[in-house]
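The values are calculated or read from the model by the stated rules, or taken from the named source; none is laboratory data. Given the structure is predicted, the values throughout are model-derived calculations rather than measurements. With ideal geometry, Cβ positions are generated from the backbone for all residues, glycine too; neighbour counts draw on all protein chains shown. Accessible surface areas use protein heavy atoms only, side chains included; no ligands, DNA or RNA. Shrake-Rupley method; radii C 1.70, N 1.55, O 1.52, S 1.80 Å.
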Amino acid sequence: MKDIKQLLNERILILDGAMGTMIQRYNLEEEDFRKGWFEDHPHKLKGDNDILVLTRPDVIKEIHAQYLEAGADIIETNTFGATTVAQADYHLEKAVYDINYHGAKIAREVCDEFTAKNPDKPRFVAGSMGPTTKLASMSPDVNDPGFRAITFNELVVAFKEQATGLMDGGADFLLVETITDTLNSKAAMFAIDELSEERGIQIPIMISGTITDQSGRTLTGQTTEAFLVSVSHMPLLSIGLNCALGADAMRPYLQVLANQAPFAVSAHPNAGLPNEFGQYDETPEMMGVQIEGFLQEGLINIIGGCCGTTPEHIRTMAEIAAKYSPRKISETTNA
């Protein structure tokens, strides 16, 4: 398989789009979240999309295939909330390894099928590691600002179990994404580093932060530049931004990364901001115009979509990206 680091210097790679948006199209019911695994589970499970890799793998495989058909080079596993921390909401902590293992295995199988059809366009599996439901840097209690709902070490344990399952299932690299608290991401990187050392391999890491509003800061108050500095101690495959903002609003913060990062730069913005019904209104054509602005400026090495995006959005991005060269990566980077 062609090395992804080489490909990043040759062309702009396409990441897939939203998983939750696509799952909604299937109108799944409670029984779909229990099938074959959790029939006797005493708690409601509808909405725990991560467990669909176990109970409805056919749905997840079909969604992955649609994104690959649309031109995606990189498929994210359906494991965004597959840590013991997040799965505690559904009392499914014991299922975490299985979710991650099977999530990666499904994505691996589909990617291998598409690579076999076209060996000149290898497809890669990114093990998706979301931010969990607890922050290490902020208190959930406004009356007790010193309180922390979780410790750094507890996060390391949770992320390491997730990373282990993802790598065992066949992920090519790990994507620590939608970072609102950089300390959480540093726990994830620490866990991945431990796993790399134990296995005697270098697990490539993609990092993607989230600028939560027009202030240009993460939820915990970091600027884009501060976020970059905070994670640059690791030899990252890429650094980027996703979620919270549409493409236009994300642009000035991507410029910071493009100017300063010694790694590849990624972006997977939302299809605009949600309307009053929680829906995303930007069409593939509307997003395409904005994305083309990124490419004309030479800001990007990896482009994809977050909330509200579909295979149609990704197809448009792939068609536009094929016309442009990727951002030049510094010679000092490992990417």
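Condition first: surrounded by fewer than 22 Cβ atoms within 10 Å (Cβ to Cβ), in contact (Cβ under 8 Å) with a residue 40 or more places away in the chain and part of a helix (DSSP H, G or I). Now tell me which residues in segment 158-171 satisfy that.
Filtering segment 158-171 down to residues surrounded by fewer than 22 Cβ atoms within 10 Å (Cβ to Cβ) leaves 160-161, 164, 168, 170.
Narrowing further to those that are in contact (Cβ under 8 Å) with a residue 40 or more places away in the chain: 161, 164, 168, 170.
E161, T164, D168 - these are the residues of segment 158-171 that are surrounded by fewer than 22 Cβ atoms within 10 Å (Cβ to Cβ), in contact (Cβ under 8 Å) with a residue 40 or more places away in the chain and part of a helix (DSSP H, G or I).
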Checking K35, K61 in turn, the sole residue that is over 26 Å from L135 (Cβ atoms), of a type in the set (K, R) and either outside any helix (DSSP H, G or I) or in contact with a His (Cβ under 6 Å, 6 or more places away or on another chain) (or both) turns out to be K35
Restricting segment 241-268 to residues that are touching a Phe, Trp or Tyr at 6+ places or on another chain (Cβ under 9 Å) and part of a strand (DSSP E or B), the residue that is surrounded by the most Cβ atoms within 10 Å (Cβ to Cβ): L241
Against the condition more than 18 Å from L257 (Cβ to Cβ) and open to solvent by less than 10 Å² (accessible area, probe 1.4 Å), how does F190 come out, does it pass? no
Give all pairs with beta carbons closer than 7 Å in which a residue from segment 11-23 that is touching a residue at least 60 places away in the same chain (Cβ under 8 Å) meets a residue that is open to solvent by 10 Å² or more (accessible area, probe 1.4 Å) and aromatic (F, W, Y); count only pairs at least 6 apart in sequence or on separate chains. I12/Y324
I'd like the full set of residues that are open to solvent by 10 Å² or more (accessible area, probe 1.4 Å) and out of contact with any Ser or Thr (no Cβ under 6 Å at 6 or more places or on another chain), limited to segment 172-187. D172, K186
Mind checking whether some residue in segment 31-48 is under 30 Å from F294 (Cα atoms) and among the hydrophobic types (A, V, I, L, M, F, W, C)? no
Conditions (1) in contact (Cβ under 8 Å) with a residue 24 or more places away in the chain; (2) part of a helix (DSSP H, G or I); number of the one not met by T133: (2)
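Can you pull out the residues in segment 50-76 that are open to solvent by 10 Å² or more (accessible area, probe 1.4 Å) and either in contact with a Gly (Cβ under 6 Å, 6 or more places away or on another chain) or among the acidic types (D, E) (or both)?
Start the filter on segment 50-76 by keeping residues that are open to solvent by 10 Å² or more (accessible area, probe 1.4 Å), which leaves 50, 54, 56-58, 61-62, 65-66, 69, 71, 76.
Of everything in segment 50-76, those that are open to solvent by 10 Å² or more (accessible area, probe 1.4 Å) and either in contact with a Gly (Cβ under 6 Å, 6 or more places away or on another chain) or among the acidic types (D, E) (or both) turn out to be D50, D58, E62, E69, E76.
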Pairs, please: C-beta under 8 Å, at least 6 apart or cross-chain, first residue closer than 22 Å to L257 by Cβ and open to solvent by 80 Å² or more (accessible area, probe 1.4 Å) and in segment 312-331, second assigned to a loop (DSSP other than H, G, I, E, B) and of a type outside the set (S, T, N, Q)? S325/R11; S325/I12; S325/G298; K328/G298
What pairs come up if the first residue lies in segment 273-292 and is at pLDDT 95 or above, the second is in a helix (DSSP H, G or I) and among the charged types (D, E, K, R), and their beta carbons are under 6 Å apart, counting only those six or more places apart or on different chains? P284/E312; Q290/D248
Any residue in segment 217-237 that is without any contact (Cβ under 8 Å) to a residue 24 or more places away in the chain sitting within a Cβ distance under 7 Å of a residue that is surrounded by fewer than 18 Cβ atoms within 10 Å (Cβ to Cβ) and polar (S, T, N, Q)? List the pairs, counting only those 6 or more apart or interchain. R217/T223
